[in-house]
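Written out below as structure tokens is the structure these notes cover.
The values are calculated or read from the model by the stated rules, or taken from the named source; none is laboratory data. The structure presented is a predicted model; accordingly, all values stated were derived computationally and were not measured. All Cβ positions, glycine included, derive from the backbone under ideal geometry; neighbour counts span all protein chains shown. Quick note on the areas: whole protein, heavy atoms, side chains included, nothing else; ligands and nucleic acids left out. Shrake-Rupley method; radii C 1.70, N 1.55, O 1.52, S 1.80 Å.
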Amino acid sequence: MLTGVARFAIAAPRRVIALAVLVMIGTAVFGIPVAKSLSAGGGLDPGAESSQASALLSQKFDQGDMTMLVTVTSDTGARGRRAKTVGSDIVRRLQDSAVVGQVQSAWTEPPAAAPSFISRNGKTGLIVAAITGGESDAQRNAKRLYDELVHDRDGVTVRAGGDATVYWQVNAQTERDLLFMEALALPLSFLVLVWVFGGLVAAALPVAIGIFAILGAMASLHAISLFAHVSIFALNLCVAMGMALAIDYTLLILSRFRDELAQGQTRDVALIRTMATAGRTVMFSAMTVALSMATLVMFPQYFLKSFAYAGVAVVVFTAAASMVVTPAAIVLLDDRLDSLDMRPLMRKAFRRPEPESVPFDHWFWYRWTKSVMRHAVPITVAVVVLLLLVGTPFHDVRWGFPDDRVLPASASARQVGDQLRDDFAGGGAPAVTVVLPDAPGLSRSGLDAYAAALSLVSDVSSVSSPGGTYVEGRRAGPLSAPSGIKDDSAFVTVASTAPLYSAASSDQLDQLRAVPTPSGRTVQLTGAAQSNLDSMHAIASRLPIVLVLIALITLVLVFLLTNSAILPVKAVLTNILSLAAAFGAVVWVFQEGHLGALGTASTGTLGVQLPVLLFCIAFGLSIDYELFLISRIREYWLASHRGWGASDESVARGVAHTARVITAAALIMVISFAALMASQVSVMRLFGFGLTVAVLVDATLVRMLLVPALMHLLGRANWWAPGPLTRLHDRVVSLLRSRGRDSSLPR
């Protein structure tokens with residue numbers, strides 16, 4: 001197949017390039033507006049108890065699908081004339097809106113309940129509006145209400161927050177961040193490519209492939225969004241991963257093509273051999289990355305599913321362009337591929353002499369690898385211990401759920417969230433809603449008695465039912481939070497003092513669930529604490545099979561590439577070590593707040609989806625460098641006498657020929673992922689940091705130190721496989737090679 005692609009590129013390069021340009025134009029037209037169709041949500045399991053309870057509250061009790069909070073602040077006080085006039089006007093207009101359910105405020109609640117809607121300093125009044133429209137439309141409805149209602153007037157300051165506002169502000173911020181990321185990553189990546197290739201034309205080719213892949217992935221996400229929810233965060237992955245992989249794959253192909261030319265091959269033969277070797281590596285790498293990321297569809301949250309869609313799409317477009325468009329561009333450009341060479345000018349500017357040809361055994365990376373293998377035992381021990389030490393903070397990880405603090409301090413939703421946590425009683429501890437979805441015949445007195453029993457649970461400050469507010473089993477006053485009975489369903493609201501996402505919060509949920517219900521009716525809980533537990537359960541219940549699948553995918557594909565039973569196991573273990581270090585660094589910085597949490601708000605927790613996402617993506621990307629390295633090592637092993645010392649020599653030669661490619665590819669990938677850290681949304685900053693650390697560790701400590709040291713210690717055992725597996729490998733290779741035409745090409 002790959003030799004056929006090369007021959008087709010040689011025969012019809014203009015047709016290939018013309019078709020690629022048409023595809024790029026089409027995907028640009030369809031894909032660029034994709035951000036308008038995406039959502040910032042997707043972190044909840046739609047089938048979980050908390051999601052079902054929330055849906056019932058929205059449908060039967062007019063509680064809305066999301067909450068919009070509006071603060072009204074005046075120096076003369078929330079009860080003053082100016083604040084009351086502005087606040088009452090906003091409440092009235094919210095109540096008149098078709099997309100708003102129940103509205104509560106400091107100016108409309110009963111006198112006994114109103115103080116909970118006024119800040120401690122008395123200057124700010126709070127409005128709580130239930131926004132309808134589901135997870136996607138509710139945020140758009142909130143944006144329209146924000147534009148209409150949220151502006152300062154008559155000396156009164158008005159701000160909006162709540163999850164509905166958080167979602168649309170995250171969307172808007174992400175769109176702005178994408179433009180900045182592209183403006184930052186593309187020029188830097190191009191400079192690195194100029195350094196690697198010298199010529200401006202050769203450096204521009206990988207960038208063009210990257211743009212093609214990004215536009216194709218964006219168009220794919222737009223198409224998927226017509227039928228399913230897609231998270232806007234997946235766009236960041238399209239940009240970062242599309243450019244990084246495109247440059248990786250194109251760099252590998254161009255470097256191998258130049259190596260073949262340097263060995264005296266004609267252009268056509270060099271291209272065919274390049275596709276049969278480097279093209280084969282690209283194909284295996286793309287399959288590994290795509291399949292690793294595809295496992296994310298097994299999780300119910302569409303936040304994770306979206307990264308599977310984006311990852312698979314960007315890998316498919318990148319691999320297709322790299323293996324089809326790159327050969328055609330090489331043929332079409334021919335000698336012009338090396339035109340506009342900047343190296344002579346740079347040498348002249350820095351007064352550097354012309355480079356001299358040195359013997360192979362004097363190459364830096366060859367001598368480096370030989371030195372590493374001479375000290376294999378201490379290097380192996382040192383690297384393993386270092387990676388495990390860096391990974392130790394991950395043992396203390398605490399799972400939470402992202403809130404308004406993912407936004408920068410300049411965002412109104414973040415400002416409202418900070419004000420609630422600092423100035424409003426109970427603002428930092430969201431309530432738990434206890435729902436009885438099937439309660440025919442339940443009386444008001446029965447629900448009140450149940451509310452009184454719930455108020456006896458530890459860390460419960462009060463419980464609101466239709467009969468009023470209950471504290472420690474006693475009725476303490478009129479209703480201060482929504483509750484009620486309707487259409488054979490009922491709910492009460494539990495105010496909690498237990499810190500969110502803590503052991504006390506989890507214990508409280510268990511105790512609330514253990515309180516006997518009226519006539520033994522079924523109960524469902526919802527709220528931030530229960531939603532977080534449900535998300536953790538949804539991930540934990542599926543994580544083992546996802547991890548097993550990723551490991552099996554890696555083992556099978558690396559085996560098919562190498563015909564070794566040892567190298568696939570080594571690849572999995574070394575990848576786990578590099579990822580452990582990345583996870584430890586993420587916890588140390590973002591959860592524990594070191595290095596100023598890189599400018600984000602440290603909440604003391606990490607979103608439970610992020611480590612899963614990091615693992616699936618980084619694991620697949622790490623295999624990139626593993627395949628680049630061991631595929632070249634295997635070529636030298638097959639060409640060797642396979643006796644004593646042949647394995648070490650093959651490793652040294654393989655590293656010498658690929659280290660420069662891996663170093664450049666890693667540097668560009670680091671630039672792409674580090675650009676994510678320029679995002680003002682902390683989720684993406686964490687994500688970019690984690691991937692950056694994983695790539696740096698993998699390309700340096702693992703590939704350039706640990707892998708050569710381990711392969712030296714294993715010796716000829718690197719290439720061992722039991723007879724049945726060897727026969728299976730040969731059968732698969734024969735099947736693939738039967739489609740080719742040149743039997744002299746390396747297997």
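Just from the alpha-carbon atoms, what are the Rg and Dmax of the stretch 144-215 in angstroms?
When restricted to Cα atoms, the stretch 144-215 yields Rg and Dmax of 20.8, 63 Å.
Show that you can apply the helix-only estimate: for the chain, add -39,500 (n - 2.57) for every DSSP H stretch of four or more residues, divide by all residues, and state [θ] at 222 nm to the nearest 500.
-20500 deg cm²/dmol
Shape verdict for the stretch 8-74, please, from the Cα gyration tensor: rounded (a/c under 1.5), prolate (a/b greater than b/c) or oblate.
Verdict is prolate for the stretch 8-74.
For the stretch 370-378, just list the computed ³J(HN,Hα) in residue order, Karplus coefficients 6.51, -1.76 and 1.60, θ = phi - 60°, integers in Hz, with x standing in for Gly and Pro.
Values, residue by residue: 4, 5, 4, 5, 5, 10, 4, 5, x Hz.
Can you list the aspartates and glutamates whose alpha carbon is less than 17 Å from that of Lys486, not counting same-chain residues fewer than 8 positions off?
Straight-line reach from Lys486, under 17 Å: Asp62, Asp438, Asp448.
Quick one: helix 13-31 against the long Cα principal axis of the chain, what's the angle to the nearest 10°, folded into 0 to 90?
Taking Cα atoms only, the helix is inclined about 10 degrees.
Add +1 for every Lys or Arg and -1 for every Asp or Glu among the other residues with Cβ under 12 Å from the Cβ of Gly607, and state the total. It would help to have the intermediate numbers written out before the result.
Values: positive: Arg398, Arg405; negative: Asp403.
Neighbourhood net charge equals +1.
Enter the Cα centre distance for the pair the stretch 103-140 and the stretch 535-593, rounded to the nearest angstrom.
What the calculation gives is 45 Å, centre to centre.
Order Thr266, Thr562, most accessible first, counting only protein heavy atoms with a 1.4 angstrom probe. Kindly include the intermediate steps, with their values, before the conclusion.
Working: Thr266 85, Thr562 5 Å².
Ranked from most to least accessible, the order is Thr266, Thr562.
Using only alpha-carbon positions, what ratio does the radius of gyration of the chain give when scaled by 2.2 N^0.38 Å?
1.10
Within 10 Å, Cβ to Cβ, of Met298, how many net charges do the neighbouring residues add up to if Lys/Arg are +1 and Asp/Glu are -1?
Surrounding charge for Met298 is +2.
When only the heavy atoms of the protein chains count and the probe is 1.4 Å, how do Arg258, Arg15 rank by accessible area, highest first? All intermediate terms of the calculation are to be shown ahead of the outcome.
Numbers: Arg258 60, Arg15 165 Å².
Order by accessible area, largest first: Arg15, Arg258.
Enter the Cα centre distance for the pair the stretch 372-442 and the stretch 292-322, rounded to the nearest angstrom.
After rounding, the separation between the Cα centres reads 24 Å.
Considering only protein heavy atoms and a probe of 1.4 Å, how much of the accessible area of the stretch 140-186 is carbon and sulfur, as a whole percent?
Looking at the stretch 140-186 in its full context, I get 55 percent from C and S.
Per residue of the stretch 269-284, what does 6.51 cos²θ - 1.76 cosθ + 1.60 with θ = phi - 60° give for ³J(HN,Hα)? Whole Hz please, x for Gly and Pro, Karplus curve as stated.
So the Karplus estimates, Gly and Pro as x, are 5, 4, 5, 5, 5, 4, 5, 6, 10, 5, x, 5, 5, 4, 4, 5 Hz.
Tabulate in residue order the Karplus-calculated ³J(HN,Hα) for the stretch 550-567, using 6.51 cos²θ - 1.76 cosθ + 1.60 with θ = phi - 60°, rounded to whole Hz; enter x for Gly and Pro.
4, 4, 5, 4, 5, 4, 5, 5, 5, 5, 4, 6, 10, 6, 10, 8, 8, 4
Which of the aspartates and glutamates could be linked to Lys370 by a straight reach, that is with a Cα gap under 16 Å, when you skip same-chain ones fewer than 8 residues away?
Asp361, Asp648, Glu649
Give the distance, in whole Å, between the Cα centre of the stretch 621-670 and the Cα centre of the stretch 13-87.
One Cα centre to the other: 46 Å.
Under 5 Å between amide H atoms, partner at least 5 residues away or on a different chain: which partners does Ser455 have, H built in plane at 1.01 Å?
Those lying under 5 Å, H to H, from Ser455 are Gly473.
Enumerate the amide H contacts of Gly161 below 5 Å, restricted to partners 5 or more residues apart or on another chain; note that Pro and chain-start residues carry no placed amide H.
Leu69, Val70, Thr71
Kindly report the accessible area of the stretch 513-656 per residue (heavy atoms of protein chains, probe 1.4 Å, no ligands, DNA or RNA), in Å².
32
Checking the table Lys36/Lys305; Lys60/Lys123; Lys36/Lys143 against a 23 Å threshold on Cα-Cα, which pairs fail?
Details: Lys36/Lys305 19 Å; Lys60/Lys123 35 Å; Lys36/Lys143 13 Å.
Beyond 23 Å between Cα atoms: Lys60/Lys123.
Probe 1.4 Å, all protein chains in place: accessible area of Phe8 in Å², nearest 10?
Its heavy atoms expose roughly 110 Å² to the probe.
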